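A quick write-up on the structure given underneath.
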């Protein structure tokens, strides 16, 4: 039995991914107290079974001929990359460092595509010399750099033109298209650019890349975005007369972080997307369709676990002080960006799931009032030594946090 508020949909959804025994969380058939006893706290725990479950959910719901790639920025842990590279159709990277991690994890460069508005000349050179699958170009000046590197090294490279569309993904946590943006090339400039690339000696035009926004829980909104992308692509194909071998439609699939949020209806997304793709296949017969997902693939597989150091009362309010905090998990503190992840995330006392609830302030060990995962929040009654679990921590957790702040030890990362 789980003691959770009936209105905390996000926590109920997170707990459904894992087992429990007599009120204690189990991951990969191991009790959380056993894992914590061996590893020490704090730590990130990633569950392979959850990764595979999400893969099968995606493949069952989405069109069979839709390519699904993993966006490494969500979690660049080498074991995670290795696991997901074997499942999905490729990797999307956003830096030389991510490419090196992916290569170290056993992937090959031809399975990678490289996006990002500020790629350095060194990064581009490294990608081209290693025969990367494709580069998403985001400015005319970047194209100049790539052409010069290819010329100097007698290389050719596949490029996608990343488009800054005139629309954005409504209901998304972060909007990455529409209006003035650092991402992509403004859509009105793209037709002439594509035509200029057709006979380029060094750059092979491979298609377009549009990522309108992220962290969206509305199936209808995601479907509208894909429909807008393909409508634009169809017009572009007609206006330029140039085939589009690949259309990378981005992703934007979200997971529920806050109590009132409900999970994305993946089956509805799949039905919408099947209908949309079918309606455009006649006009785009030579095109391969691709999406890139990060948070949705890996987010719910991860748990951040810390231990209660002190239970104290200040002027009538109870504080649980833990050995983990914003330096390890910036998103859980609400300081990564409220439009992306709202506080409190799904949190519980991992070894007392069935205990009565109380209102407490959950804070970390740091010398800043920002170091809190939630104030006056409902948790099972906890004491010193109990384990706090922050769910949905598989994405933008460890690598997105200021690990050097106040020089505490870094948390461990464990995959079971």
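Only one entry in 373, 391 is buried (at least 24 other Cβ atoms within 10 Å of the Cβ), more than 20 Å from the chain's Cα centre (by Cα) and either under 30 Å from residue 94 (Cα atoms) or not assigned by TED's automatic domain parsing to the domain that holds residue 43 (or both), namely 373. Here is the figure for region 394-416: residues that are surrounded by fewer than 20 Cβ atoms within 10 Å (Cβ to Cβ) and either out of contact with any strand residue (DSSP E or B) (no Cβ under 6 Å at 6 or more places or on another chain) or assigned to a loop (DSSP other than H, G, I, E, B) (or both) total 12.
For region 209-241, what are the residues that are outside any strand (DSSP E or B), touching a strand residue (DSSP E or B) at 6+ places or on another chain (Cβ under 8 Å) and either under 18 Å from residue 68 (Cβ atoms) or outside the structural domain of residue 132 (by TED's automatic domain parsing) (or both)? Correct list: 210, 211, 212, 215, 222, 225, 229, 230.
Whether any residue in region 42-61 is over 26 Å from residue 293 (Cβ atoms) and in contact (Cβ under 8 Å) with a residue 60 or more places away in the chain is what I want to check. The answer is yes; a qualifying residue exists. Flag: residue 76 does not match the condition of being modelled with pLDDT under 95 and in the same structural domain as residue 156 (by TED's automatic domain parsing). Taking first residues from region 267-278 that are more than 13 Å from residue 66 (Cβ to Cβ) and partners that are assigned to a helix (DSSP H, G or I), the Cβ contacts under 7 Å between residues at least 6 apart in sequence or on separate chains come to 267/61; 268/219. Restricting 247, 229 to those that are under 20 Å from residue 113 (Cα atoms), crowded, with 23+ Cβ neighbours inside 10 Å and at pLDDT 95 or above reduces the list to 247.
Please verify whether residue 93 is in contact with a strand residue (DSSP E or B) (Cβ under 6 Å, 6 or more places away or on another chain), within 26 Å of residue 117 (Cβ to Cβ), surrounded by 19 or more Cβ atoms within 10 Å (Cβ to Cβ) and at pLDDT 95 or above, treating the condition exactly as stated. Yes: the conditions hold for residue 93.
Residues satisfying the criterion are absent from region 244-257 (criterion: in a helix (DSSP H, G or I) and touching a helix residue (DSSP H, G or I) at 6+ places or on another chain (Cβ under 7 Å)).
Checked against (1) under 22 Å from the mean Cα position of the chain (by Cα); (2) closer than 28 Å to residue 361 by Cβ, residue 311 passes all but condition (1). Counting only residues that are in contact with a helix residue (DSSP H, G or I) (Cβ under 8 Å, 6 or more places away or on another chain), buried (at least 18 other Cβ atoms within 10 Å of the Cβ) and without any contact (Cβ under 8 Å) to a residue 60 or more places away in the chain, region 146-163 holds 6 of them.
One line per residue, one yes/no per condition, for (1) in the same structural domain as residue 286 (by TED's automatic domain parsing); (2) at pLDDT 95 or above; (3) over 22 Å from residue 239 (Cβ atoms); (4) not in a loop (DSSP other than H, G, I, E, B):
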position: 155; (1), (2), (3), (4): yes, yes, yes, no
position: 159; (1), (2), (3), (4): yes, yes, no, yes
position: 169; (1), (2), (3), (4): yes, no, yes, no
position: 172; (1), (2), (3), (4): yes, no, yes, no
position: 177; (1), (2), (3), (4): yes, no, no, no
position: 182; (1), (2), (3), (4): yes, no, yes, no
position: 189; (1), (2), (3), (4): yes, no, no, yes
position: 194; (1), (2), (3), (4): yes, yes, no, yes
position: 207; (1), (2), (3), (4): yes, yes, no, yes
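The values are calculated or read from the model by the stated rules, or taken from the named source; none is laboratory data. In this text, all values refer to a predicted model and were calculated from it rather than measured experimentally. Positions of Cβ are backbone-derived with ideal geometry, glycine not excepted, and every protein chain shown enters the neighbour counts.
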